[in-house]
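Here the structure comes first, spelled out in structure tokens, and everything after it is commentary.
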Amino acid sequence: MELAKPSFIRESLKLAAEPNIISFGGGNPDANYFPADALLSACEEALRLDWRNALQYAITEGNIELRKILLALMEHIGISAELSQIIITSGSQQGLDMTGKVFLDPGDKVIVESPTYMGAINAFKYYQPQFLEVAMDEQGMDMDDLERVLNAHPDAKFIYTVPDFQNPTGRVLSGERRRRLVELAEQYDVMVIEDNPYYFLRFEGTGVPPVKAYDKYGRVIFLGSMSKILSPSLRIGWIIGPETALEKYVILKQAADIHTNELSQRMVAQFFLHENLDQHIALINKQYKVKKDLMVQKISDCFPAHISFTKPEGGLFLWLELPEKIDAQEIFQCAYADERVIFVPGETFYANGGHRNTIRLCFSSMSTFEIDSGMDRLAAVLKNFIS
Ligand SMILES: Cc1ncc(COP(=O)(O)O)c(C=O)c1O
């Protein structure tokens, strides 16, 4: 329990509930676009069709109908798998925790992007690995740096990547690098954990298939999620990977929670059968593009010079790098106390700390009015720190 410390995001989410706070902190989808009516019908239908089983204990691997639906969705984006190669998890966060349990003994080496999703760092750290960070640029993880790390640590257990609209930077790993990532994994006999909850949230540009689509060797374990495209409270995620690995995940999941909420699983299946997911995603992406464009515009117009930032083509986040000596934790304190604006200081996304001059901003959850005003207020604070 020495390792169990409160997470900064959890704490800052509590601040977001205070009155008059504008939060660019937690990565919440815009609640105004949750398909509540469709989910109400899906719930009624799931219960009407077979309430005895919808409310009963169920198999650990997950609801078969939902797994078949998700296999079809995955096929559509280039991932082919059998029913025995997919399981349902309670959000992809559970997939991350179980990945730590399956693969890691204390002292094992895990390769992560620098920066990376702090929820993954937190999930893995309880299995006490050594984190090895790989540099990133605008095209995602730098493959030459990855090769250098693999060369120095050929015993690494897995490479963890968020290839599409990465949390926290919003960056996308290029197609060429995806191919090379899989080849390097094969060459160095290491697994790749592809955590891809933002894949469908592309609102401009053209995408490339998931890393798993490039995988000829069974090296990649894919983690998917309904949280960002439907609703996070349903807690529906999935894992696609080799059967030999999934067998272990299933044993661990049985011990953890027996199975994912069966009613939620059946609701999602009914949603797919009766609604048009593409249409729903197009609707949310349209809103997110407006918000992202506004946030980018505000940074260009109002923030001090010498701040570099990403201009993501999808997802929920953009990433700021301030001049080196500036401490985002101090900016956070002022922004919260003086201007009632919060965000996530970037240090929490670095597995080994440091980089205190970075900031993650989430553009999805606030209204355009709040983004407009919140960015003005944040600009005022930044001007006091950066002349
Ligand atoms: C990269 C990444 N992975 C996993 C998760 C967890 O998602 P879920 O709600 O599916 O557990 C998140 C949530 O923000 C995320 O950003």
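The values are calculated or read from the model by the stated rules, or taken from the named source; none is laboratory data. All values derive from a computational prediction rather than experimental measurement. Keep in mind that these areas ignore ligands, DNA and RNA; they rest on the heavy atoms of the full protein, side chains included. Shrake-Rupley method; radii C 1.70, N 1.55, O 1.52, S 1.80 Å.
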Legend entry - Accessible area in the full protein assembly, largest first, 1.4 Å probe, for R340, R177: R340, R177
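Tell me, what are the semi-axes, in whole angstrom and largest first, of the equivalent ellipsoid of segment 304-387 as set by the roots of 5 times the Cα gyration tensor eigenvalues?
Whole-Å semi-axes of the equivalent ellipsoid: 18, 17, 12.
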Inset, instruction - Take the Cα gyration tensor of segment 166-212, multiply each eigenvalue by 5, square-root it, and list the three semi-axes largest first, rounded to whole angstrom. - result: 22, 12, 9
Inset, instruction - For D376 and R52, compute 0.36 nm times the residue count separating them, minus their Cα-Cα distance, and round to one decimal in nm. - result: 111.2 nm
Legend entry - Residue with peak Gaussian network fluctuation, the chain [Cα springs, cutoff 10 Å], from P35, P312, P168: P35
Inset, instruction - Give me the accessible area of F34, 1.4 Å probe, in Å² rounded to the nearest 10. - result: 70
Inset, instruction - Return one quarter of the surface area of the convex hull spanned by the alpha-carbon atoms of segment 1-117, equal to its mean projected area, in nm². - result: 12.2
Legend entry - Carbon/sulfur fraction of accessible area - segment 144-227, other protein chains in place, 1.4 Å, %: 46
Legend entry - Against the rule of thumb 2.2 N^0.38 Å, how large the Cα Rg of the chain comes out: 0.98
Legend entry - Residue with peak Gaussian network fluctuation, the chain [Cα springs, cutoff 10 Å], from D137, D108, D37: D37
Legend entry - D_trans [Stokes-Einstein, Kirkwood Rh over alpha-carbon pairs] for segment 151-266, 25 °C, 0.890 mPa s, µm² s⁻¹: 157
Legend entry - the chain: calculated mean residue ellipticity at 222 nm from DSSP helix runs of at least 4, using -39500 (n - 2.57): -14000 deg cm²/dmol
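Restricting to Cα pairs below 8 Å that are 6+ residues apart, what does the relative contact order work out to for the chain? Please round to a whole percent.
Answer for the chain is 24 percent.
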Inset, instruction - Summarise the accessible area of segment 246-387 (1.4 Å probe, protein heavy atoms) by the percent that is carbon and sulfur. - result: 49
Inset, instruction - Hey, can you find the accessible area per residue of segment 304-374 for me, probe 1.4 Å, expressed in square angstrom? - result: 39
Inset, instruction - Would you kindly compute the Cα radius of gyration of segment 69-225 and its largest Cα-Cα separation (Dmax), both in Å? - result: 14.5, 42
Legend entry - Accessible carbon and sulfur surface of segment 1-104 relative to its total accessible area, %, 1.4 Å: 54
Inset, instruction - Please calculate the 1.4 Å probe accessible area of C302, with all protein chains present, and give it to the nearest 10 Å². - result: 30
Legend entry - Alpha-carbon gyration tensor eigenvalues x 5, square-rooted, for segment 254-378, Å: 34, 21, 13
Inset, instruction - Quick one: among L49, L146, L39, which has the greatest mean-square fluctuation in a GNM of the chain with alpha-carbon springs under 10 angstrom? - result: L49
